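No value in this document is a laboratory result; all are computed from the given coordinates. All of these numbers come straight from a predicted model, not from anything done at the bench. Using ideal geometry, Cβ is built from the backbone for each residue, glycine included, and neighbour counts are taken over all protein chains shown.
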Amino acid sequence: MDPPLATDSKHKSRRTKGKKRSRNCSSETLSKKERQSQLSSNLKRRKCESQSKPSSFLEKMRARLSGGHFRMINEKLYTCSGEEAFDYFKDDPELFNVYHTGYQEQMSHWPEQPVNIIVDWLKSHSSSLTVADFGCGNAKLARNVKNKVFSIDLVSTIPSVISCDMSNTPLESSSVDVAVFCLSLMGINYPSYLQEANRVLKPCGWLLIAEVRSRFDPNNGGADPDKFSESVRKLGFTLASKDITNKMFVLFYFKKKEKASVGTNIEWPGLKPCMYKRR
Ligand code: SAH
């Protein structure tokens, strides 16, 4: 396919040269006044171009740098404990904004966002259900449903968000009907987040987990979704349903047993970090 393209570009450059020549030719027939006005508009155009080029270049560089910074923070969050992540952002809360700007950029390329599926799920159930959104980010869930939502994250950029490490929340035991983890099982100690969700959930409460698909792809180093479900089952849940129809993420709908007893020595599969692509 290359040669025809190469020839085509040659033709193009020849055509351009031709065009230039004919423009010069035609300018010979212009009056002095017309030539001067053409000259000044050319100068203006060049000035504009020289001004716009560096700024768009700088913008591109800035975007690239912040994209790199986002990926660095993202990797950090997937490879440390929740406690460490909490201290990391406490030292420099601005990093949280850098992370979320990059996260939103990545999400804008997804055909469907899992948080919207969870919003729809909540809308199809009673709005009297109390929700805990573990790792809420910009609290989109709370902003889109009528339910009482406890939004939890490492940093509180919105006053209603409870800032804490979600393995240790201030929520009361057996106080919520739905616990949500939407792309937030990030720390290496993720089982402790699910244990905390189990603590705050009422009997028969829901545990909804949306995670990046590659994290549950055993053919590519991801966890076996059945092993993961088995571990959650041992924690005291039944798997009500699983949605693997989406290209980007998987969704698990667990229900807490009425009389749950937590198994001992639950083996949890490792969830591999999700490294976002450079765009
Ligand atoms: N659920 C939101 C945001 C997902 S990004 C959405 O779907 O849009 C993942 C979020 O989980 C981040 O905001 C991150 O800060 C949060 N998070 C990760 N580990 C956490 C922890 N240990 N405690 C509280 N929040 C955590």
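General remarks:
- Kirkwood-Stokes translational diffusion coefficient of the stretch 116-188, alpha-carbon pairs, 37 °C, 0.692 mPa s, µm²/s: 265
- Residue-count net charge about Pro273 - beta-carbon cut-off 12 Å; Lys, Arg +1, Asp, Glu -1: +2
- In this structure the amide hydrogen of Phe249, modeled in the peptide plane, comes within under 5 Å of the amide hydrogens of Arg213, none closer than 5 places in sequence on its chain.
- Annotation: aspartates and glutamates with alpha-carbon distance below 13 angstrom to Lys76 (same-chain offsets under eight excluded): Glu84, Asp87.
- The HN-Hα couplings worked out from phi for the stretch 231-237 by the Karplus form 6.51 cos²θ - 1.76 cosθ + 1.60 (θ = phi - 60°) are 5, 5, 4, 5, 6, x, 10 Hz, whole numbers, x standing for Gly and Pro.
- Between the alpha-carbon centres of the stretch 124-189 and the stretch 245-267 there is a gap of 17 Å.
- Packing-based order for 91-97, 159-165, 73-79, using average beta carbon neighbours within 10 Å, highest first: 73-79, 159-165, 91-97
- D_trans [Stokes-Einstein, Kirkwood Rh over alpha-carbon pairs] for the stretch 127-279, 10 °C, 1.306 mPa s, µm² s⁻¹: 100
- Near the amide H of Ala223, within less than 5 Å, lie the amide hydrogens of Phe216, Asp217, Lys272, all on another chain or at least 5 residues away, with H placed in the peptide plane.
- Out-of-range pairs (alpha-carbon distance over 31 Å; input Lys146/Lys255; Lys90/Lys123; Lys256/Lys277): Lys90/Lys123; Lys256/Lys277
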